[in-house]
Amino acid sequence: MVIFPLHFIFGVATAAYQIEGAWNEDGRGESIWDRFAHSPGKIKDGTTADVACDHYHRFEEDIAFMKDLGIDAYRFSISWPRVFPKGKGQVNELGVNFYHRLIQKLKAVHIQPVATLNHWDLPQTLQDKGGWENRETIDAFVEYAQFLFQVFGKDVPFWITHNEPWVVAFLGHYEGRMAPGKDDFDSALLVSRNLLLAHGLAIRNFREGKVNGKIGITLNLSPVHPASDNKEDIEATRRFDGYLNRWFLDPLYRRQFPDDMIDWYQRKGLNITPLTHEESKVVSQPLDFLGVNYYSRRITKKGKEPILENDLVLPPESEYAEMEWEVYPSGIYEIIKRVSEEYKPVEIYLTENGISIQDTIDEDGKVRDIKRIEYLREHLKKISQTMQEGCPVKGYFVWSLMDNFEWAHGFSQRFGLIYTDYQSLRRIPKESFYWYQKVIQNRRID
Ligand code: PNW
C-alpha cells in the first residue's frame, strides 16, 4: 500500500490549443498551430483543432467533471493569441474574460489554477517576423507575461513560463514535426537560447512585481540508456542526454549550457556560443519549482543521426503504448532521483504523465481502460518511492483530463481520463477516471 500526504497536490493537465477550439471567435488571433494544422500534410489524420473539445464553450461542464473527480489543482494553458491577437499591443478583452471566468469557476469549486503561459501556440504575427528566432518575441513574451501576472496574479497560485521548451526548439525547428515546422539545427539552438531568456526575464518581472504565488518551468525529461556497454554507444547516450535533458537543466540550475554539448555542436560547425555573464544571470534565477513531464525512457546507440550521431532503439521485449512510447515506470523514479540529486530543485511537480491507448466504448457505455489504470498506478508508486527517499515531489498531474488534439497526430491519440466523442462532443468518464477519483479521495493506492 502506498500513501500520499494530505497536502500532496493531485491534478490533471490540458493545453489551450488542444482543447479550446473557437479558433477564430471573440477576437482570437491566429497562432502558429492554426497555420500549421491548416497546412495540408502536417497533421497525420488531416484534422485541425478548430473545434477540438469545444472547451471554450463547455468549460463549465468540464469543471463539473473536475469537481466530481476531486482534483486539488488544474493545469491549463493560456492561449497567447486569445489575449494578444497580434502578440503584443492591443489586448483582446473577450479573451481575457474567458480566462477570468475559467479561473473564477475553478476557485468556486476549490480547485487551484496552475497556468502555463506558453504551451506552444505562438501568435502567427510574431512568427511572421521570425518567431522565437527573433529577440523581439522575447520582449513580447515578457509583456504578455506581465499583463497576466497583473490581471490574474492574485487568483493563480502557480505559474509555468514554458511547457517543454525542448519540443518547441528541436521538434519545431529541427525535426519539423511541430509548428512552425522548420528543419535547421542552428535555428533550434537559437530558439532554445531565446526561450531560456524569455523565461528568465518573465521570472525577473514576476519577482519585481511581487506577484503572489509560485513560478517555475516545465521540462520534458527522460532517462537515456545505452543500447550496449560499447564505448561508442555510451558516448552517444551521453550526447543524447545532453541534447534532451541537460541542455535546459544546466542553464537553469548551473548557469550555463553543458560544455560537452557546446564543444560537440561547435565541432559540427553549428552556431552556438556560451551564455554571456549577463544572459546567464537572467536564465538561472531561482525557481520556486521544477515541472517535469514524463512519459517514457529513451534507449540509444551510435548511429546515423547527422548532428548527434546516434540512433534510437526500441527493444522488442518491452511493452509499448501508442506512438511507440515504451511503458517504463522506473524511468520516472530515475529521472526524479537524478534531478533531485544533481540540480536540487526546491520543489518538483510531475506536471504531465499519462498514456495513449486506442480506447473504445463497450456496449454498456463503459470505457474499460485497464492499461491506463495500470500505467498511472505503477508511475504513482515509483513517485511515492522517491518521496520516501527524500525527493521534494509535491504534486502530480495526469495528462490529460480528456482526449484531445494530440498535435501532429491529430485526434488519433487518446490520453484522457474522459473519452471525447468528437462527433457529438459528449464526454464519457473512463474507468481510469473513477480509479483516480478513489486515489485522490483516499490519498492511497492499494
Ligand atoms: C507533451 N516527444 O508533448 C505535451 O506537453 C502535451 O501537450 C502532449 O499532448 C503530451 O506530451 C502527449 O504527447 C510531447 O516526442 C510531445 O518526446 C512529444 C514528445 C514529448 C512530449
Residue in the stretch 1-50 that is nearest to the ligand (Cβ to nearest atom), counting only those that are assigned to a helix (DSSP H, G or I) and of a type in the set (D, E, K, R): Asp34
Subset of the stretch 273-315, residues in a strand (DSSP E or B), over 24 Å from Pro251 (Cβ atoms) and among the hydrophobic types (A, V, I, L, M, F, W, C), comes to Ile299, Leu312
Condition test on Leu117, is it surrounded by fewer than 24 Cβ atoms within 10 Å (Cβ to Cβ), more than 16 Å from the ligand (Cβ to nearest atom) and not basic (Lys, Arg)? no
Across the stretch 168-191, which residue is nearest to the ligand (Cβ to nearest atom) among those that are under 22 Å from Val292 (Cβ atoms) and part of a helix (DSSP H, G or I)? Leu171
Quickly run through the stretch 89-113 and pick out the residues that are outside any helix (DSSP H, G or I) and either in contact with a Pro (Cβ under 6 Å, 6 or more places away or on another chain) or within 16 Å of the ligand (Cβ to nearest atom) (or both). Asn92, Gln112
Filtered residues of the stretch 114-135 (kept if assigned to a strand (DSSP E or B) and among the hydrophobic types (A, V, I, L, M, F, W, C)): Val114, Ala115, Leu117
Looking at (1) out of contact with any helix residue (DSSP H, G or I) (no Cβ under 6 Å at 6 or more places or on another chain); (2) more than 16 Å from the ligand (Cβ to nearest atom); (3) not in a loop (DSSP other than H, G, I, E, B), find the lone condition where Ile373 falls short. (1)
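Restricting the stretch 212-257 to residues that are without any contact (Cβ under 8 Å) to a residue 12 or more places away in the chain and not β-branched (Val, Ile, Thr), which is surrounded by the most Cβ atoms within 10 Å (Cβ to Cβ)?
Start the filter on the stretch 212-257 by keeping residues that are without any contact (Cβ under 8 Å) to a residue 12 or more places away in the chain, which leaves 229, 231, 234, 250.
Filter once more, keeping what is not β-branched (Val, Ile, Thr): 229, 231, 250.
Values: Asp229: 7, Lys231: 10, Asp250: 21.
Among residues in the stretch 212-257 that are without any contact (Cβ under 8 Å) to a residue 12 or more places away in the chain and not β-branched (Val, Ile, Thr), the one surrounded by the most Cβ atoms within 10 Å (Cβ to Cβ) is Asp250.
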Is it the case that Gly331 is within 16 Å of the ligand (Cβ to nearest atom) and closer than 26 Å to Gly216 by Cα? yes
Please specify each residue of the stretch 386-421 satisfying the condition of being hydroxyl-bearing (Ser, Thr, Tyr) and surrounded by fewer than 17 Cβ atoms within 10 Å (Cβ to Cβ). Ser412
Which pairs turn up if I take residues in the stretch 156-167 that are outside any strand (DSSP E or B) and look for partners that are within 14 Å of the ligand (Cβ to nearest atom) and polar (S, T, N, Q) with beta carbon separation below 7 Å, at least 6 apart in sequence or on another chain? Glu164/Thr218; Glu164/Asn220; Glu164/Asn293; Trp166/Asn220; Val167/Asn220
Leu190 meets each of (1) in contact with a Leu (Cβ under 7 Å, 6 or more places away or on another chain); (2) surrounded by fewer than 24 Cβ atoms within 10 Å (Cβ to Cβ); (3) closer than 15 Å to Trp247 by Cβ with one exception, condition (1)
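Somewhere in the stretch 337-350, is a residue within 14 Å of the ligand (Cβ to nearest atom), among the aliphatic types (A, V, I, L, M), over 30 Å from Tyr56 (Cβ atoms) and not in a loop (DSSP other than H, G, I, E, B)?
Residues of the stretch 337-350 that are within 14 Å of the ligand (Cβ to nearest atom), as a first pass: 349-350.
So of that shortlist, the ones also among the aliphatic types (A, V, I, L, M) come out as 350.
From what is left, the residues that are over 30 Å from Tyr56 (Cβ atoms) are none.
Scanning the stretch 337-350 turns up no residue that is within 14 Å of the ligand (Cβ to nearest atom), among the aliphatic types (A, V, I, L, M), over 30 Å from Tyr56 (Cβ atoms) and not in a loop (DSSP other than H, G, I, E, B).
Select from the stretch 171-184 the residues that are surrounded by fewer than 24 Cβ atoms within 10 Å (Cβ to Cβ) and touching a residue at least 12 places away in the same chain (Cβ under 8 Å) and write down the one among them that is nearest to the chain's Cα centre (by Cα). Steps first, please.
At the first step, the residues of the stretch 171-184 found to be surrounded by fewer than 24 Cβ atoms within 10 Å (Cβ to Cβ) are 171, 174-178, 180-184.
Next, from what is left, pick out any that are touching a residue at least 12 places away in the same chain (Cβ under 8 Å): 174, 177-178, 180-181.
Details: Tyr174: 18, Arg177: 16, Met178: 14, Pro180: 17, Gly181: 18 Å.
This residue is Met178.
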So, in the stretch 251-272, exactly how many residues are over 16 Å from Leu219 (Cβ atoms) and part of a loop (DSSP other than H, G, I, E, B)? 7
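This table checks each residue for (1) within 16 Å of the ligand (Cβ to nearest atom); (2) touching a Pro at 6+ places or on another chain (Cβ under 7 Å); (3) not hydroxyl-bearing (Ser, Thr, Tyr).
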position: Gln358; (1), (2), (3): yes, no, yes
position: His379; (1), (2), (3): yes, yes, yes
position: Ile383; (1), (2), (3): no, no, yes
position: Thr386; (1), (2), (3): no, no, no
position: Phe405; (1), (2), (3): yes, no, yes
position: Gly410; (1), (2), (3): yes, no, yes
position: Ile418; (1), (2), (3): yes, yes, yes
position: Phe433; (1), (2), (3): no, no, yes
position: Asp446; (1), (2), (3): no, no, yes
Identify the single condition in (1) more than 16 Å from the ligand (Cβ to nearest atom); (2) surrounded by 16 or more Cβ atoms within 10 Å (Cβ to Cβ); (3) at negative phi that Ser424 does not satisfy, given that it satisfies every other one. (2)
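A short reminder: the numbers here are calculations on the coordinates, not readings from a lab. Quantities reported herein were computed from a predicted structural model and do not represent experimental measurements. Cβ: placed from backbone, ideal geometry, glycine included. Neighbour counts: every protein chain shown.
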